[in-house]
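Chemist: Quick one: the structure is below, questions incoming.
The values are calculated or read from the model by the stated rules, or taken from the named source; none is laboratory data. Not measured: the values here are computed from a predicted model. Ideal geometry is used to build each Cβ from the backbone, glycine not excepted, and the neighbour counts take in all protein chains shown. With ligands, DNA and RNA removed, areas are computed over all heavy atoms of the protein, side chains included. Shrake-Rupley method; radii C 1.70, N 1.55, O 1.52, S 1.80 Å.
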Amino acid sequence: MLNIDFGVFVMNDNWKIETQLVRAGYEPKNGEPQVTPIAQSTTYRYDSCQAIADLFDLKAEGHMYSRISNPTVAVLEDKMAALEGGVGALALSSGQSATTVSILNICESGDHVVALSTLYGGTFNLFKHSLKKLGIEVTFVDPDISSEEIKAAFQPRTKLLFAESLSNPGTKVLDFEKISAITREMDVPLIVDNTFPTPYLCQPLRLGADIVVHSTTKYTDGHATSVGGIIVDGGHFNWSNGKFPGLTEKDASYHGLRYTEAFDKAAYIVKARVQWIRDLGCYMSPQNAFLTNVGLETLHLRMERHSANALSLARFLESHEKVSWVAYPMLESDENYVLCKKYMKAGSGVLTFGVKGGREEAEKVMDALQLASRVVHVADVRTGVLHPASMTHRQLSAEDQLMAGIRPELIRVSVGIEAEEDIIADFSQALDFI
Ligand SMILES: *Cc1c(COP(=O)(O)O)cnc(C)c1O
């Protein structure tokens with residue numbers, strides 16, 4: 001692991017994930033603070049010019065400037081790498097920057113990406129419009145079409161397949177076996193956005209994914225305090241298959257260094273840091289890393305409660321006469337139930353439902369909620385609701401909305417960790433308004 005210079009880096013493979021969540025990444029030495037300190041410093045002092053020159057040449061490990069690495073952020077990076085089972089991680093200023101850098105790190109103008117169409121709205125816009133301006137084309141495929149049809153979307157310059165482990169907002173569970181068999185055969189990495197399940201409920205790197213990205217803004221922080229993202233490198237993809245010259249050929253900005261040669265299994269994640277974060281500058285701040293790390297310490301407790309509350313609310317809504325449908329992957333009636341049981345420890349805290357009627361009735365119910373907040377956010381301790389068609393996905397055309405699974409009457413509920421009875425009572429009174 002890179003750049004640990006206070007405390008002692010701890011990652012014990014015998015520890016269960018609950019212990020990793022509380023303890024991995026930082027252990028104070030004699031007399032040091034018990035809680036990870038916030039290294040609120042842009043820069044780091046060295047004894048000689050040579051020591052700094054060695055850092056610039058990537059010959060020595062150490063912090064140089066907080067646009068590229070920082071001790072507090074490093075604790076979060078090492079903890080997330082341990083939780084996901086990766087060889088290294090890179091924390092960024094948002095989930096969007098994590099997704100963007102995960103792709104720019106291996107794609108350039110003229111390259112191509114295949115993405116499953118059930119995606120977060122921001123990712124969809126990035127793929128459909130902004131990457132296109134950089135000369136990177138994305139083909140969206142329906143996750144339910146056959147493997148043969150998905151393979152037909154590949155082109156000679158396809159460099160990766162992108163998917164969400166549990167899609168936002170449609171809560172579609174990724175068929176890891178089917179999709180990872182395709183990426184293995186096509187010899188490209190599978191990048192999985194694991195924001196909704198978090199590593200506590202699902203670990204994509206152990207299910208065939210090669211790279212994991214997160215919006216840590218969501219459950220990882222879990223308290224709606226900090227926008228952030230992270231990339232975790234599984235360390236097992238063979239970048240020397242001829243398709244990834246950026247990793248195997250000389251980087252002129254480091255005197256001709258080759259990442260695969262110099263960093264072996266960590267080539268991808270080191271390149272993302274020393275090349276793209278150096279140049280784009282979208283690194284996570286120490287303050288946000290501190291808050292996100294405090295959030296992670298209770299992730300296991302929160303995800304259990306989010307999931308239990310969501311299942312109870314899903315069951316309540318499913319039996320309600322004014323509700324036409326409910327989607328929650330841990331409902332026996334849900335089309336994702338089998339895959340959810342197979343790949344996830346629980347269903348996470350997000351569900352969607354449609355009220356009888358349509359958009360107008362959906363808005364009436366949303367406005368009548370008292371405990372549940374109307375917010376453009378998901379995955380924190382407070383129950384929140386959102387109407388994707390008029391909010392997060394409003395920039396998408398009606399056709400693109402349907403492709404991403406957004407129906408006009410769909411309400412997304414991010415079920416919090418308040419008392420189950422209070423959450424259900426709130427939805428019950430709100431549904432009485434229609
Ligand atoms: C929110 C979200 C993102 C974007 O993350 P930001 O931190 O808001 O930039 C990406 N993917 C998923 C699944 C999300 O829910």
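Chemist: Just grab the label-to-label distance for M186 and D144, each label 7 Å out from Cα along the Cβ direction, in nm (one decimal).
Modeler: So the label points at M186 and D144 sit 2.1 nm apart.
Chemist: FRET efficiency for E249 and S312, Cβ-Cβ distance as r, R0 = 60 Å, nearest 0.05? Please list the in-between numbers first.
Modeler: Working: r = 55 Å, r/R0 = 0.91.
Approximately 0.65, to the nearest 0.05.
Chemist: Please compute the per residue accessible area over the chain with all protein chains in place, 1.4 Å probe, rounded to a whole number of Å². Please list the in-between numbers first.
Modeler: Values: 17600 Å² over 434 residues.
Accessible surface, normalised per residue, equals 41 Å².
Chemist: Pop the C-beta distance of K322 and E297 into the FRET formula with R0 = 25 Å and round what comes out to the nearest 0.05.
Modeler: Working: r = 40 Å, r/R0 = 1.60.
Between K322 and E297 the formula returns 0.05.
Chemist: Need the full-extension length gain, A368 to K341, defined as separation in residues times 0.36 nm minus the C-alpha distance. One decimal, nm. Walk me through the intermediate numbers first.
Modeler: On the way: separation 27, 0.36 × 27 = 9.72 nm, distance 3.40 nm.
Extra length available between A368 and K341 comes to 6.3 nm.
Chemist: Let me ask another. Taking just the alpha-carbon atoms of region 114-208, what radius of gyration and Dmax come out, in angstrom?
Modeler: Gyration radius and largest Cα-Cα distance of region 114-208: 12.8, 36 Å.
Chemist: Okay, moving on. Largest first and in whole Å, what are the equivalent-ellipsoid semi-axes of region 157-235 based on the Cα gyration tensor, each being the root of 5 times an eigenvalue?
Modeler: Computed over region 157-235, the values are 23, 13, 10 Å.
Chemist: Summarise the long-distance tail of P(r) for region 202-255 by giving the % of C-alpha pairs beyond 14 Å.
Modeler: Counting every Cα pair in region 202-255, those more than 14 Å apart make up 68 percent.
Chemist: Sticking with this structure for a sec: How high is the FRET efficiency from L402 to D279, r the C-beta distance, R0 35 Å, rounded to 0.05? Intermediate results must be reported in sequence, preceding the final value.
Modeler: Numbers: r = 37 Å, r/R0 = 1.07.
So the FRET efficiency works out to roughly 0.40.
Chemist: Compute for region 1-116: radius of gyration divided by Kirkwood radius, i.e. Rg/Rh, restricted to C-alpha atoms, rounded to two decimals. Numbers along the way, then the final one.
Modeler: Details: Rg = 16.6 Å, Rh = 16.3 Å.
Rg/Rh: 1.02.
Chemist: In whole Å, what are the extents of region 45-92 along the principal axes defined by its C-alpha atoms, from largest to smallest?
Modeler: Cα extents, longest axis first: 37, 18, 15 Å.
Chemist: Across the Cα atoms of region 200-312, what radius of gyration and what greatest pairwise Cα-Cα distance (Dmax) are found, in Å?
Modeler: 17.4, 58
Chemist: Separate question: Kyte-Doolittle cut-off 0.0, length cut-off 18 Å along the helix's own axis using Cα: show which whole DSSP H helices in the chain pass. Intermediate results must be reported in sequence, preceding the final value.
Modeler: Details: long enough: 71-84 (20 Å, 0.47); 299-318 (28 Å, -0.15).
The qualifying helices are 71-84.
Chemist: Given the whole protein assembly as supplied and a 1.4 Å probe, what does the accessible area of K29 come to in Å², nearest 10?
Modeler: Estimated to the nearest 10 Å², K29 gives 100 Å².
Chemist: Distance check, please: which entries in K172/K218; K29/K271; K128/K159 exceed 20 angstrom between their Cα atoms? Walk me through the numbers before you get to the answer.
Modeler: Working: K172/K218 17 Å; K29/K271 31 Å; K128/K159 16 Å.
Table pairs above 20 Å Cα-Cα are K29/K271.
Chemist: Using a cut-off of 14 Å between alpha-carbon atoms, which aspartates and glutamates can reach K132, once sequence neighbours fewer than 8 places away in the same chain are excluded?
Modeler: Leaving aside aspartates and glutamates fewer than 8 places away in the same chain, those within reach of K132 are E108, D111.
Chemist: Under the 0.36 nm per residue contour assumption, what length would be gained going from the current alpha-carbon distance of C49 and D264 to full extension? Walk me through the numbers before you get to the answer.
Modeler: Working: separation 215, 0.36 × 215 = 77.40 nm, distance 2.78 nm.
So the chain would gain 74.6 nm between C49 and D264.
Chemist: Okay, next question. Going out from 0 in 10 Å bins, what whole percent of all Cα-Cα distances in region 55-143 drops into each bin?
Modeler: 14, 36, 31, 18, 1
Chemist: Ignoring ligands, DNA and RNA, what percent of the 1.4 Å accessible area of the chain is carbon and sulfur?
Modeler: Working: 8910 of 17600 Å².
With neighbouring chains kept in place, the figure for the chain is 51 percent.
Chemist: If you don't mind, another one. For K79, which lysines qualify as cross-link partners when the Cα separation must be under 16 Å and same-chain residues fewer than eight apart are set aside?
Modeler: K16
Chemist: Okay, moving on. Along the Cα-to-Cβ line of R67, 7 Å from the Cα, sits a label point; which residues in region 255-294 have backbone N less than 11 Å from it?
Modeler: Those under the cut-off are 277-283.
Chemist: On to the next question. Suppose we keep just the DSSP beta bridges with both residues in the chain; what percent of those would be antiparallel, to 5? Walk me through the numbers before you get to the answer.
Modeler: Numbers: 27 of 45 bridges.
That works out to approximately 60 percent antiparallel.
Chemist: Related question: Restricting to Cα pairs below 8 Å that are 6+ residues apart, what does the relative contact order work out to for region 190-272? Please round to a whole percent. List each step's numbers first, then the result.
Modeler: On the way: 119 pairs, mean separation 17.0, N = 83.
Result for region 190-272 is 20 percent.
Chemist: Determine the alpha carbon to alpha carbon distance for each of K178/K356; K250/K342; K151/K342 and list only those over 31 Å.
Modeler: K178/K356; K250/K342
Chemist: When the gyration tensor of the chain is built from Cα positions, what are the square roots of 5 times its three eigenvalues, in whole Å, from largest to smallest? Display every interim value, and only then the final one.
Modeler: Details: eigenvalues 277, 138, 65 Å².
Each semi-axis is √(5λ); the values are 37, 26, 18 Å.
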